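Novice: Sharing a structure with you now.
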């Protein structure tokens, strides 16, 4: 007869209904499979920890978002935000769905070209574009979003050297009622900088102003803020029409849509409070359609949302290393997933689930990663079942930023697996080896 696992005495208030021996059912339902692939089998084949991405979820989420906007506005174009997740397999799925590329560095620009994106379908954002980056973007007819006056002057100088008229937009920051206001990037609407930039572009005649762009913040929980931003961009576009007789080709509303993760300190879970794609679409489209813009020549609406399109498609699988008691008596569980792999644990209360059926007995637990750093905490306090050494767990909604902001620190980065539409798993990024790390090092001869 197998010896049963010891469970500490646990006092819990009984709720109405049919209780078990611990009261109403409260244990987290295990995540045993991802797209019909067993978590245990995935870890057995590809190791632990392990990133898993679902192609099915990516495509379904993209279609849902596109439908929400395309049914409310006549001309819609998505541009995949490379910084959110720039693994080539992920980017190519979005491009197959019809998405352009939005990049913020020369590195990301080159990745987009290598992924087969036409230069004319690459949006180049960000404050740091050197002359070589700009020269490449101008030569490829890419859409360059000007962030500051110094960048504008650099592009003007390049246009003279190259004998070509670059296609540009300006990034506009503004007061949308959300504070602190994102005014670091672009030209301010309220103080007149945006109009100053527009006038300099139009009067110079060496640049072609084709668009207006705003990115009002990140993880925006208010759809109304987008309505305000869209209205102000529409006002600028209408002003350009009246003053110069030029129709702005597109209005780019940037990204920042919230995913369904829960922010640290939030009272309600993100699954209950995050605006839907329909709410964002309603706010933005109504502002544009009700503006003074010529309805016969409406600009294309471009969206650069990243997080909301990919977060749900990512899982992080891991294994318990040990359990211990802290000096307070609280339980601590140490796992093989650290903050070096899950950067978003610094601002999300990620949902963590066992990968197999467990007892209903839950205890407040601190989840620590394996790093020899006190900051390596995945969850400060979570009602969690007692998992033993070697047991597996799954962390939900980690598709955004964790595979671009991760670090090789103390441990090596693991495999990343894509599950295709037929349920087959493919490695899309190999786990690192010590050779990957040391091959970039150069040892002085006197230390050899």
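Novice: Of all the residues that make up region 74-98, how many are in a loop (DSSP other than H, G, I, E, B) and buried (at least 24 other Cβ atoms within 10 Å of the Cβ)?
Specialist: 1
Novice: Suppose the filter is crowded, with 19+ Cβ neighbours inside 10 Å, in contact with a strand residue (DSSP E or B) (Cβ under 9 Å, 6 or more places away or on another chain) and on the phi > 0 side of the Ramachandran plot; does residue 397 pass it?
Specialist: Against the criterion (crowded, with 19+ Cβ neighbours inside 10 Å, in contact with a strand residue (DSSP E or B) (Cβ under 9 Å, 6 or more places away or on another chain) and on the phi > 0 side of the Ramachandran plot), residue 397 qualifies.
Novice: State all residues of region 254-284 that are crowded, with 17+ Cβ neighbours inside 10 Å and part of a helix (DSSP H, G or I); if no residue qualifies, say none.
Specialist: Within region 254-284, 270, 277, 280, 281, 282, 283, 284 qualify.
Novice: Considering region 206-237 alone, what residues qualify as being crowded, with 19+ Cβ neighbours inside 10 Å and part of a strand (DSSP E or B)?
Specialist: Result: 209, 211, 212, 213, 220.
Novice: Give the residue, chosen from 246, 321, 251, 334, that is part of a loop (DSSP other than H, G, I, E, B) and either in contact (Cβ under 8 Å) with a residue 24 or more places away in the chain or outside the structural domain of residue 214 (by TED's automatic domain parsing) (or both).
Specialist: Working: 321 fails: part of a loop (DSSP other than H, G, I, E, B); 251 fails: part of a loop (DSSP other than H, G, I, E, B); 334 fails: part of a loop (DSSP other than H, G, I, E, B).
Residue meeting the stated conditions: 246.
Novice: If you scan region 140-153, which residues turn out to be part of a helix (DSSP H, G or I) and either in contact (Cβ under 8 Å) with a residue 24 or more places away in the chain or touching a strand residue (DSSP E or B) at 6+ places or on another chain (Cβ under 6 Å) (or both)?
Specialist: Passing the criteria: 149, 151, 152.
Novice: Would you confirm whether or not region 285-297 contains a residue that is within 17 Å of the chain's Cα centre (by Cα) and either modelled with pLDDT under 95 or outside any strand (DSSP E or B) (or both)?
Specialist: Among the residues of region 285-297, not one is within 17 Å of the chain's Cα centre (by Cα) and either modelled with pLDDT under 95 or outside any strand (DSSP E or B) (or both), which makes the answer no.
Novice: Could you list, in sequence order, the residues of region 181-205 that are under 31 Å from the mean Cα position of the chain (by Cα) and assigned to a loop (DSSP other than H, G, I, E, B)?
Specialist: Answer for region 181-205, where residues must be under 31 Å from the mean Cα position of the chain (by Cα) and assigned to a loop (DSSP other than H, G, I, E, B): 181, 182, 183, 184, 185, 186, 189, 190, 191.
Novice: Consider residue 151 carefully, then state whether it is surrounded by fewer than 22 Cβ atoms within 10 Å (Cβ to Cβ) and modelled with pLDDT under 95.
Specialist: No; evaluated as a whole, the condition is false for this residue.
Novice: If I ask for residues that are more than 30 Å from residue 389 (Cβ to Cβ), assigned to a strand (DSSP E or B) and under 15 Å from the mean Cα position of the chain (by Cα), which ones from region 298-318 would you list?
Specialist: 303
Novice: Just the residues that are out of contact with any helix residue (DSSP H, G or I) (no Cβ under 8 Å at 6 or more places or on another chain) and surrounded by fewer than 22 Cβ atoms within 10 Å (Cβ to Cβ), please, taken from region 244-253. Let's see the steps before the verdict.
Specialist: First, pick out the residues of region 244-253 that are out of contact with any helix residue (DSSP H, G or I) (no Cβ under 8 Å at 6 or more places or on another chain): 245, 249-250, 252.
The answer is 245, 249, 250.
Novice: Among 366, 404, which is the only one that is over 25 Å from the mean Cα position of the chain (by Cα), surrounded by 14 or more Cβ atoms within 10 Å (Cβ to Cβ) and at pLDDT 95 or above?
Specialist: Answer to the selection: 366.
Novice: Could we say that residue 208 is closer than 30 Å to residue 97 by Cβ, assigned by TED's automatic domain parsing to the domain that holds residue 232 and more than 23 Å from the chain's Cα centre (by Cα) here?
Specialist: yes
Novice: Of the residues 178, 172, only one is part of a loop (DSSP other than H, G, I, E, B), in contact with a helix residue (DSSP H, G or I) (Cβ under 6 Å, 6 or more places away or on another chain) and in the same structural domain as residue 157 (by TED's automatic domain parsing); which?
Specialist: Going through 178, 172 in turn, the sole match is 178.
Novice: Now for a different question. I need the full set of residues from region 382-407 which are touching a helix residue (DSSP H, G or I) at 6+ places or on another chain (Cβ under 9 Å) and part of a loop (DSSP other than H, G, I, E, B), in order please.
Specialist: If the condition is that a residue be touching a helix residue (DSSP H, G or I) at 6+ places or on another chain (Cβ under 9 Å) and part of a loop (DSSP other than H, G, I, E, B), then 397, 398, 399, 400, 401, 402, 403, 404, 405, 406, 407 are the ones that fit.
Novice: Quick one: residue 256 ticks every box in (1) in contact with a strand residue (DSSP E or B) (Cβ under 7 Å, 6 or more places away or on another chain); (2) at positive phi; (3) without any contact (Cβ under 8 Å) to a residue 24 or more places away in the chain bar one, so which box is it?
Specialist: Here residue 256 meets the rest and fails (3).
The values are calculated or read from the model by the stated rules, or taken from the named source; none is laboratory data. This structure is a prediction, so every number in the text was calculated from the model and none was measured. Using ideal geometry, Cβ is built from the backbone for each residue, glycine included, and neighbour counts are taken over all protein chains shown.
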